[in-house]
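Peer 1: Before I ask anything, here is the structure I am working with.
The values are calculated or read from the model by the stated rules, or taken from the named source; none is laboratory data. All values derive from a computational prediction rather than experimental measurement. Here the Cβ is made from the backbone with ideal geometry for all residues, glycine too, and neighbour counts use every protein chain on show. Note: accessible area is taken over every heavy atom of the protein model, side chains too, but ligands, DNA and RNA are not part of it. Shrake-Rupley method; radii C 1.70, N 1.55, O 1.52, S 1.80 Å.
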Amino acid sequence: MTDKAAAIDIPTLPLHRRLAVGIGAATLVVIDVATLGFVTLGFEMVASRILTPLFGSGIYTWATIISIVVGGLMAGYFLGGMLADRFPNFAYAATIKFLSALYLFAVYWMTAGPLEGLIDTIDGEITALFVSGFVICFPPLLVLGMYSPLSVRLILREPSDAGKIAGGLFAISSFGNILGILVTTFSFIPAYGTRSITAGFASFLLASGALSVIIHLVRTNKDR
């Protein structure tokens, strides 16, 4: 079969056979998109429970939290898009998960007292709100946001599939966002509290990162 004929035949294959990775690795990416989406907005609700006892639950507090969350994700999408083209592999996916896990463990530590100590050193309630909101929310959401463009880069092979793959992954991520908000708000927070949930999210990311390392090693050995 000539290269031209092969190129013509590719779009006629089922979508799962046109991916850049096997079905197992692609399934992991889909699960990652959903679960990291869950953690992302689940942690937003946790952050609200961390900050509202300190600053109240008024519109200023929520405006600060939402703007910082969106800003962190925006920066993550932008930076992640550039790095995904340089490091389109599961080792980079694992790095994203490990870094976000480490920062969530740092948040767990900060909520035991250091965060209130930081707030006490800042003059002005609004300034203290923005600084503490930035410290709690921005770094982990920036890192988590970097996974979205990487997920597309990991499994996309044919440009003609870009719309279907990107749209499907973003829809799955949004579904995870919704579940993260609802489950965290109505189940996790009343049952476990913010510090336990933060540690739980961080532990999950470590385990998920280890799985990405395994997938990376398997694919590397297969390519040799």
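Peer 1: Using alpha carbons only, how many angstrom separate the centre of region 146-180 from the centre of region 103-140?
Peer 2: Distance between centres, Cα-based: 32 Å.
Peer 1: Under the Karplus relation 6.51 cos²θ - 1.76 cosθ + 1.60, θ = phi - 60°, what is the ordered set of whole-Hz ³J(HN,Hα) values for region 35-42, x standing for Gly and Pro?
Peer 2: Karplus values, whole Hz, x for Gly and Pro: 6, 5, x, 4, 5, 4, 8, x.
Peer 1: Compute the distance in nm between two label points, each set 7 Å from the Cα along the Cα-to-Cβ direction, one at Leu118 and one at Ile66.
Peer 2: Each label point is offset 7 Å from its Cα along the Cβ direction, giving 2.3 nm.
Peer 1: Mean projection of the alpha-carbon convex hull of region 45-106 over all orientations, in nm²?
Peer 2: Working: hull surface 19.5 nm².
Result: 4.9 nm².
Peer 1: While we're here: Would you work out the charge dipole size for the chain about its Cα centre, treating the Cβ of every Lys and Arg as +1 and the Cβ of every Asp and Glu as -1, and quote it to the nearest 20 debye?
Peer 2: 800
Peer 1: Right, here's the next one. Just from the alpha-carbon atoms, what are the Rg and Dmax of region 24-81 in angstroms?
Peer 2: Expressed in Å, the Cα Rg and Dmax of region 24-81 come to 14.4, 46.
Peer 1: Rg and Dmax in Å for region 54-166, alpha carbons only: what are they?
Peer 2: Expressed in Å, the Cα Rg and Dmax of region 54-166 come to 17.2, 55.
Peer 1: Could you tell me what percent of the accessible area of region 79-224 is made up of carbon and sulfur, with a 1.4 Å probe and every protein chain present? Walk me through the intermediate numbers first.
Peer 2: On the way: 4990 of 7330 Å².
Summing carbon and sulfur atoms, their accessible area is 68 percent of the total for region 79-224.
Peer 1: Could you please tell me the mean projected area of the C-alpha convex hull for the chain, averaged over all directions and given in square nanometres to one decimal?
Peer 2: 13.7
Peer 1: Given the Cα-Cα distance of Leu102 and Ile181 and 0.36 nm per residue of separation, how much length would full extension add, in nm?
Peer 2: Answer, rounded to one decimal: 26.3 nm.
Peer 1: Compute for region 99-224: radius of gyration divided by Kirkwood radius, i.e. Rg/Rh, restricted to C-alpha atoms, rounded to two decimals.
Peer 2: Details: Rg = 18.4 Å, Rh = 17.3 Å.
In region 99-224, Rg relative to Rh is 1.06.
Peer 1: By per-residue mean of other Cβ atoms within 10 Å, what is the highest-first order of 119-128, 167-176, 58-67, 143-152?
Peer 2: 143-152, 167-176, 58-67, 119-128
Peer 1: Pairs of alpha-carbon atoms within less than 8 angstrom and 6+ residues apart define the contacts here; what relative contact order does the chain have, in percent?
Peer 2: Here the relative contact order equals 41 percent.
Peer 1: Express in nm, to one decimal, how much length is gained between Leu211 and Ser174 on full extension, taking 0.36 nm for each residue of separation and deducting their alpha carbon distance.
Peer 2: Here the answer is 11.1 nm.
Peer 1: Sticking with this one: Return one whole number: the accessible area per residue of the chain in Å², for a 1.4 Å probe. Don't skip to the end; give the middle numbers.
Peer 2: On the way: 11290 Å² over 224 residues.
Each residue of the chain exposes 50 Å² on average to a 1.4 Å probe.
Peer 1: Per-residue HN-Hα couplings for region 77-87, Karplus 6.51 cos²θ - 1.76 cosθ + 1.60 at θ = phi - 60°, whole Hz, x for Gly and Pro?
Peer 2: Going residue by residue, I get 4, 5, 5, x, x, 5, 6, 4, 6, 8, 10 Hz, with x marking Gly and Pro.
Peer 1: Rounded to a whole number, what is D in µm²/s for region 150-221 from Stokes-Einstein with the Kirkwood radius over alpha-carbon pairs (37 °C, 0.692 mPa s)?
Peer 2: Taking Rh from Cα pairs, D becomes 222 µm²/s.
Peer 1: May I ask you to compute the full-extension gain from Glu158 to Leu54, defined as 0.36 nm times their residue separation minus their alpha-carbon distance, rounded to one decimal in nm? Please report the intermediate quantities before stating the final value.
Peer 2: Working: separation 104, 0.36 × 104 = 37.44 nm, distance 5.01 nm.
That works out to 32.4 nm of additional length.
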